[in-house]
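**Q** Got a structure for you, questions after.
The values are calculated or read from the model by the stated rules, or taken from the named source; none is laboratory data. Quick caveat: nothing in here was measured; it's all calculated off a predicted structure. Cβ coordinates were reconstructed from backbone atoms using ideal geometry, including for glycine residues, and neighbour counts include every protein chain displayed.
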Amino acid sequence: MRIGELARVTGVSTRTLRFYEGLELLESRRASNGYREYDPAAVVRVRNIRHLLSTGLTLDDVAHFRRCLDGDLRAAAPAPAMVALARRRLALLDERIRALSAARDNLARGLRDAVGDGAPSCR
């Protein structure tokens, strides 16, 4: 299938598909006219990439799953190295959530203090 059809079937832009290919997460052949042609199995691969990204993993993380991208990721037993990677990513996300919550609390407190004390306007 050509890149436009793969994009339509997976809901991913052609630009994104070329980007995945540049990262060696996806492969294509070149037809005699220069068009990219993808194996029908590329649909599963792209959907698996999108699934992993939706769980909070990064494209660098997804690259570690490269050998598993053609199968049923949701039904497969995870390899210990993949579980460790996911745990590290989860810890990083938890830390980011804590930092964002602290920033939000500081902004809310600052807004409350600024509005609540009748301070002169900065207009």
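**Q** For Val43, work out the one condition from (1) in contact with a helix residue (DSSP H, G or I) (Cβ under 7 Å, 6 or more places away or on another chain); (2) among the aliphatic types (A, V, I, L, M); (3) within 30 Å of Asp94 (Cα to Cα) it doesn't fulfil.
**A** Tallying (1) in contact with a helix residue (DSSP H, G or I) (Cβ under 7 Å, 6 or more places away or on another chain); (2) among the aliphatic types (A, V, I, L, M); (3) within 30 Å of Asp94 (Cα to Cα), Val43 fails exactly one: (3).
**Q** Filter the stretch 1-38 for residues that are free of Cβ contacts under 8 Å to residues at least 24 places away in the same chain and touching a Leu at 6+ places or on another chain (Cβ under 7 Å); which is nearest to Gly71 (Cα to Cα)?
**A** Leu26
**Q** Hey, any hits in the stretch 100-116 for a residue that's of a type in the set (D, E, K, R), without any contact (Cβ under 8 Å) to a residue 24 or more places away in the chain and in the same structural domain as Val43 (by TED's automatic domain parsing)?
**A** No: the stretch 100-116 contains no residue that is of a type in the set (D, E, K, R), without any contact (Cβ under 8 Å) to a residue 24 or more places away in the chain and in the same structural domain as Val43 (by TED's automatic domain parsing).
**Q** Could you tell me whether Glu24 is acidic (Asp, Glu) and over 18 Å from the mean Cα position of the chain (by Cα)?
**A** Against the criterion (acidic (Asp, Glu) and over 18 Å from the mean Cα position of the chain (by Cα)), Glu24 does not qualify.
**Q** Checking Asp60 against (1) surrounded by 13 or more Cβ atoms within 10 Å (Cβ to Cβ); (2) within 14 Å of the chain's Cα centre (by Cα), which single condition isn't satisfied?
**A** Asp60 satisfies all of (1) surrounded by 13 or more Cβ atoms within 10 Å (Cβ to Cβ); (2) within 14 Å of the chain's Cα centre (by Cα) except (1).
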